[in-house]
Amino acid sequence: MKKFLKILNNFEEIFLLPSFCFSVALLFMQVVFRYVFKNSLTWSEELARYIFIWQLWIGISYCTKNGTHIRVTVLKDLLSAKANRILEVVVIVIWFAFGCFVIYQGYEVAMRIASFGQKSPAMQLPMVYAYMAIPVGATLMNIRLVQNLIKLLKEEVAV
């Protein structure tokens with residue numbers, strides 16, 4: 001399990017930074033072709049859009065791992081350490097249940113798109129590749145939630 005999590009940690013970080021750099025380079029190349037050569041690339045914006053979709057869903061997992069999602073802390077600020085811990089467990093369980101829903105629905109939509117054989121307009125890639133980012137990203141997020149829950153339950157409560 002630890003080896004898998006190490007690969008997962010590296011996967012998120014290794015995927016996000018190079019894909020961001022590639023997207024910026026791709027869009028820069030599109031601008032150069034459009035304004036310097038007066039000829040735009042038909043596929044570059046589409047590819048950048050699909051990379052962005054994957055970045056978003058992998059980024060959700062990365063933010064879950066680091067605890068950098070936006071949070072409303074009004075209730076947390078009013079509660080004791082023990083109550084905060086209980087609240088955090090409840091939040092993780094609800095979040096996990098939502099993640100399971102997103103995984104299921106995302107997979108259903110992706111399979112429906114695959115059954116139609118829908119392809120992207122410019123590159124003619126199967127659209128299932130873009131839609132699979134949803135269940136894959138939500139699965140990675142749920143793995144992080146389980147990891148966070150285990151870590152939380154192992155911590156001692158400060159009195």
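Here C63 meets the list (1) without any contact (Cβ under 8 Å) to a residue 40 or more places away in the chain; (2) buried (at least 17 other Cβ atoms within 10 Å of the Cβ) almost entirely, failing just condition (2). Of the helices (runs of 4 or more DSSP H) lying entirely inside segment 40-159, those containing at least 1 residues that are more than 30 Å from K6 (Cβ to Cβ) span 44-66, 74-78, 81-116.
Among residues of segment 23-51 being of a type in the set (F, W, Y) and loosely packed, with under 14 Cβ neighbours inside 10 Å, the one that is nearest to Q124 (Cα to Cα) is F28. As for segment 113-121, it holds no residue that is out of contact with any strand residue (DSSP E or B) (no Cβ under 6 Å at 6 or more places or on another chain), loosely packed, with under 13 Cβ neighbours inside 10 Å and more than 28 Å from Y50 (Cα to Cα).
Laboratory data are not the source of any read-out in this text; all were calculated from the coordinates shown. Since we're looking at a predicted model, the values are computed, not measured. We place every Cβ from the backbone using ideal geometry, glycine too, and count neighbours over all the protein chains shown.
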